[in-house]
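A.B. asks: Sharing a structure below in structure tokens format, with a few things to ask.
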Amino acid sequence: MTTCALFTSYESTEPWLLEFNRQFPHLNVQDWQHIADPQQVKYGIVWKPTEAFFKRFPNLNTMFNMGAGVDAILNNPAVPKHIDIYRIEDGGMAAQMNQYFSYFLLHYFRDMDLYQQQQPQKQWRVQPFRSASSFSVGILGLGQLGAQLAQHLQSFGFDITGWSRSKKQLDGVTSYTGAEELKPFLKRTDALCCLLPLTPDTQGILNHQNMSQLPKGAVVINAGRGKHLVVDDLLKLLDENHLRGAVLDVFEQEPLPAEHKLWQHPKVMMTPHSSAQSEYAPCVKKIGNILQAIADSKTPSGLVDRNRGY
Ligand code: NAP
Ligand code: GLV
């Protein structure tokens, strides 16, 4: 029987264990602390595992990251270099991201920020009409989440573009790639949506140089990772009125410290890393199917390329 050790840093392992037992009763998935013979364990199912986890299971050869982003696991010195790492592709997160970005994009596109400012002044003023096709939404990262967002947003009639490493053929989406196409992509983008993985190449990509290429009045929405954003550069561009607003779901330090200046900024809306959460049923299904594919000597998708960093 395949034994898998389950570790979560932020919640009880119980709902995950129940879901594994429901969908894959033949798999022996157990809380990492309750496994009687740790030497036998080859598979880990983890979110932000500690050093103690790796000490307890010296014979691990495959790990499943219970989320989409693998930056934490790849930057964890305790993770042995020979271990294969699979990540969750979608796992119910794409639909949540679609809701999250739609909500905030419509907020700005329909001038809700301006109406919120007008209300306390008792101002009855209709903002000028703008066609959806003139509102350009640029998505940084057209992977599992970004590509589905690009498709979803088309129902609003927005002009949709995306930036990725490789060229994409997605209906209705203008694809930009590489460093040389970043500037033209940014120059036409009214709402910049970040869904990139955090890698050495993407760290700090939301900096002054790049965000100042956006047209005046643009907005930035970051649901990638906190380290994509240079916070002081964002605040400068907001305070100079180059940018109209920002929505931040992710932060370099989480939880965001109480004294952080972002909490008070009138043009910043924030959520506590809640734009999309790993959903038990689809994530367990993905992991179970990958384990089955490995057992059948097939090549499942979701294997992390350590050199690429995602
Ligand atoms: P993914 O499928 O790996 O997609 C990543 C995309 O980024 C791909 O299109 C990739 O290009 C592009 N990319 C990577 N490095 C690039 C570079 N240097 N230049 C240009 N494009 C680059 O990842 P995903 O599943 O969509 O998830 C994306 C990220 O969202 C995660 O890594 C995580 O940080 C974040 N996330 C956040 C939350 C949250 O709650 N806030 C939840 C889930 C995920 P190619 O297609 O050409 O490879
Ligand atoms: C959450 O941030 C994830 O990467 O799944």
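The values are calculated or read from the model by the stated rules, or taken from the named source; none is laboratory data. Small disclaimer: the values here were computed from a predicted structure and weren't measured. With ideal geometry, Cβ positions are generated from the backbone for all residues, glycine too; neighbour counts draw on all protein chains shown. For the accessible areas, the whole protein counts, side chains as well, though only heavy atoms, and no ligand, DNA or RNA atoms are used. Shrake-Rupley method; radii C 1.70, N 1.55, O 1.52, S 1.80 Å.
A.B. asks: Given the condition under 24 Å from Lys236 (Cβ atoms) and touching a residue at least 40 places away in the same chain (Cβ under 8 Å), answer yes or no: does some residue in region 168-179 qualify? Spell out the reasoning first.
C.D. replies: Start the filter on region 168-179 by keeping residues that are under 24 Å from Lys236 (Cβ atoms), which leaves 179.
Remaining after also requiring touching a residue at least 40 places away in the same chain (Cβ under 8 Å): none.
Checked against the condition, which is being under 24 Å from Lys236 (Cβ atoms) and touching a residue at least 40 places away in the same chain (Cβ under 8 Å), region 168-179 yields no hits at all.
Let's see how each residue does on (1) more than 15 Å from ligand 1 (Cβ to nearest atom); (2) in contact with a Lys or Arg (Cβ under 8 Å, 6 or more places away or on another chain); (3) charged (D, E, K, R); (4) more than 30 Å from Glu19 (Cβ to Cβ):
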site	(1), (2), (3), (4)
Asn241	yes, yes, no, yes
Val247	no, no, no, yes
Phe251	no, no, no, no
Pro266	yes, no, no, yes
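A.B. asks: Taking into account only those residues within region 66-87 that are open to solvent by 50 Å² or more (accessible area, probe 1.4 Å) and closer than 16 Å to Pro197 by Cβ, which is nearest to ligand 1 (Cβ to nearest atom)? Can you show your working first?
C.D. replies: Looking only at region 66-87, we keep the residues that are open to solvent by 50 Å² or more (accessible area, probe 1.4 Å), and these are 75, 77, 81-82, 84, 87.
Restricting the remaining residues to those that are closer than 16 Å to Pro197 by Cβ gives 75, 87.
Numbers: Asn75: 12, Arg87: 7 Å.
Across region 66-87, the extreme among qualifying residues is Arg87.
A.B. asks: Quick one: what pairs do we get from region 15-28, first residue under 17 Å from Val46 (Cα atoms), second at pLDDT 95 or above and loosely packed, with under 15 Cβ neighbours inside 10 Å, C-beta under 8 Å, 6+ apart or different chains?
C.D. replies: Close Cβ pairs (under 8 Å, with a partner that is at pLDDT 95 or above and loosely packed, with under 15 Cβ neighbours inside 10 Å) amount to Glu19/Ala281.
A.B. asks: Sticking with this structure for a sec: Could you give every pair whose Cβ atoms fall below 7 Å, whose first residue belongs to region 293-310 and is part of a loop (DSSP other than H, G, I, E, B) and open to solvent by less than 80 Å² (accessible area, probe 1.4 Å), and whose second residue is at pLDDT 95 or above and among the acidic types (Asp, Glu), counting only separations of at least 6 or pairs across chains?
C.D. replies: Close Cβ pairs satisfying both conditions: Ser301/Glu89; Gly302/Glu89.
A.B. asks: Go through region 19-72 and give me each residue that's aliphatic (A, V, I, L, M) and assigned to a helix (DSSP H, G or I). Write out each step before concluding.
C.D. replies: Here is the first cut: in region 19-72, the residues aliphatic (A, V, I, L, M) are 27, 29, 35-36, 41, 45-46, 52, 60, 63, 66, 68, 70, 72.
Ala52, Ala72, listed by residue number.
A.B. asks: If you don't mind, another one. Return the residues of region 148-157 that are more than 16 Å from ligand 2 (Cβ to nearest atom) and open to solvent by 10 Å² or more (accessible area, probe 1.4 Å); say none if nothing qualifies.
C.D. replies: Gln151, His152, Gln154, Ser155, Phe156, Gly157 - these are the residues of region 148-157 that are more than 16 Å from ligand 2 (Cβ to nearest atom) and open to solvent by 10 Å² or more (accessible area, probe 1.4 Å).
A.B. asks: Residues being closer than 12 Å to Gly138 by Cα, part of a loop (DSSP other than H, G, I, E, B), open to solvent by 20 Å² or more (accessible area, probe 1.4 Å) and away from ligand 1 (no atom under 13 Å from the Cβ): count how many of those fall in region 163-203.
C.D. replies: Within region 163-203, residues that are closer than 12 Å to Gly138 by Cα, part of a loop (DSSP other than H, G, I, E, B), open to solvent by 20 Å² or more (accessible area, probe 1.4 Å) and away from ligand 1 (no atom under 13 Å from the Cβ) number 2.
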